[in-house]
1. Please identify which residues in segment 100-135 have an amide N closer than 12 Å to a label point set 7 Å out from the Cα of residue 310, following the Cα→Cβ vector.
2. Read phi for every residue in segment 79-87 and hand back ³J(HN,Hα) as whole Hz from Karplus 6.51 cos²θ - 1.76 cosθ + 1.60, θ = phi - 60°, with x for Gly and Pro.
3. Ordered by residue, what ³J(HN,Hα) values in Hz, to whole numbers, does segment 222-233 give under the Karplus form 6.51 cos²θ - 1.76 cosθ + 1.60, where θ = phi - 60° and Gly and Pro are x?
4. What is the list of residues in segment 48-80 whose amide nitrogen lies under 18 Å from a point 7 angstrom out from the Cα of residue 37, following Cα to Cβ?
5. Among the listed pairs 47/143; 162/322; 113/241; 225/298; 47/114; 162/298, which have their C-alpha atoms separated by more than 23 angstrom in this model?
6. Based on the Cβ-Cβ distance from residue 109 to residue 264, what FRET efficiency comes out when R0 is 51 Å, to the nearest 0.05?
7. If you bin every alpha carbon distance in segment 5-355 into 10 Å steps from zero, what whole percent lands in each bin?
8. Nearest 0.05, what FRET efficiency do residue 150 and residue 2 give at R0 = 41 Å with Cβ-Cβ as r?
Amino acid sequence: MAGNSFGTLFRFTTWGESHGPAIGVVVDGCPSLLSLTEADIQPWLDKRRPGQSRYTTQRQEPDQVRILSGVFEGQTTGTPLSLMIENTDQRSKDYSEIAAKFRPGHADYTYWKKYGIRDYRGGGRSSARETACRVAAGAVARKVLGDGVTVRGALVQMGPHKVDRSRWDWAEVDNNPFFCPDPQAAAEWADYLDGIRKSGSSIGAVVEVVASGLPAGLGDPLYDKLDGDLARAMMTINAVKGVEIGNGFEAATLTGEQNADEMRAGPDGEAEFLSNQSGGILGGISTGQDVVVRFAVKPTSSILTPRQTVDLQGKDTDILTKGRHDPCVGIRAVPVGEAMMACVLADHLLRHRAYARG
Ligand SMILES: Cc1cc2nc3c(=O)[nH]c(=O)nc-3n(C[C@H](O)[C@H](O)[C@H](O)COP(=O)(O)O)c2cc1C
């Protein structure tokens, strides 16, 4: 099965299944002499970890990371970094009833058609458990980017309910279980999601990820444009169904006057942009402004309402997914989106250093 690696110079490969003994990631291309310990990676994994509130799955995984290679005396050596996370809460019996049926909205049917074998324990390789590996790789990518670059994510919409951007406060993101930057919206979402959860249903969401402090010049037109690579990165995350950069689809409703980012000469002679409709990317290259990406996450497919499906013999049947699940997977997709953004930016930073104009 190919397709488990991502990136060019900063390149990571993930391995493992939801209910195997462990999952992990090999990061190749990380420069040497960066300080790196497990304590640099763990906080990001803790952010994605399940079972932290009643709004996420109750699967209890400590997601403790171990660095197996690529670090000597607290510094990267420039050789492949191997990071491993043990699976400790694998209740395969939760899935035994559905072993012979395809869960609607999951990858069961397509994996079966493609590979002819099905690991029904929590979806095997298609499980979003794999996204922990991306988060670990993202922590390394943040080291490559350095302290001057911040990559932050937030949930900006749950079902039909959007945040009020005039109340946006990044500090609030860590104060509620939704990574929501608007405290009022977070309070309203709590009641809303309780209703969804208690009815055994689920709901979709929109995540926004913003990178600040980037230099102008990252991105390789034409086919490795920064926006193209970011869109691909986000689309590889489980349950992501749409990606926008900057104004995204709203740009279709705007006039040229509203959408173009006007410029003025700044005090140091560098151009200053008067707005950031473009999401910090023009012609596939970073402008030096914030890079802004949004992605839509579909509602969790595992719900408690019986659904129509077929079994392995092609016969009609019904299915009810009793396994533990998140009522809104968009919440835990926030740290995953941050990680993918960090990996794309680290990759492009290294590529820029390799062959940008002198
Ligand atoms: C962090 C995260 C956690 C997820 N947890 C669940 C879950 O508990 N139950 C579920 O049905 N889907 C969950 N998903 C989504 C499925 O993994 C995904 O829908 C499925 O593999 C099919 O792939 P697709 O939706 O990308 O086509 C999760 C996604 C993410 C990003």
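1. 102, 109-110, 113
2. Going residue by residue, I get 9, x, 8, 10, 10, 10, 10, 7, 8 Hz, with x marking Gly and Pro.
3. Coupling constants for segment 222-233: 9, 8, 10, 4, 4, 5, x, 5, 5, 4, 5, 4 Hz.
4. 64-77
5. Over 23 Å Cα-Cα: 162/322; 225/298; 47/114.
6. Here the calculated transfer efficiency is 0.40.
7. Once binned at 10 Å, the Cα pair distances of segment 5-355 give 5, 24, 31, 25, 12, 2, 0, 0.
8. 0.75
Here, each number is a calculation from the coordinates, and none is a lab measurement. Source: prediction; values computed, not measured. FYI the Cβ positions are ideal-geometry reconstructions off the backbone, even for glycines, and counts take in every protein chain you see.
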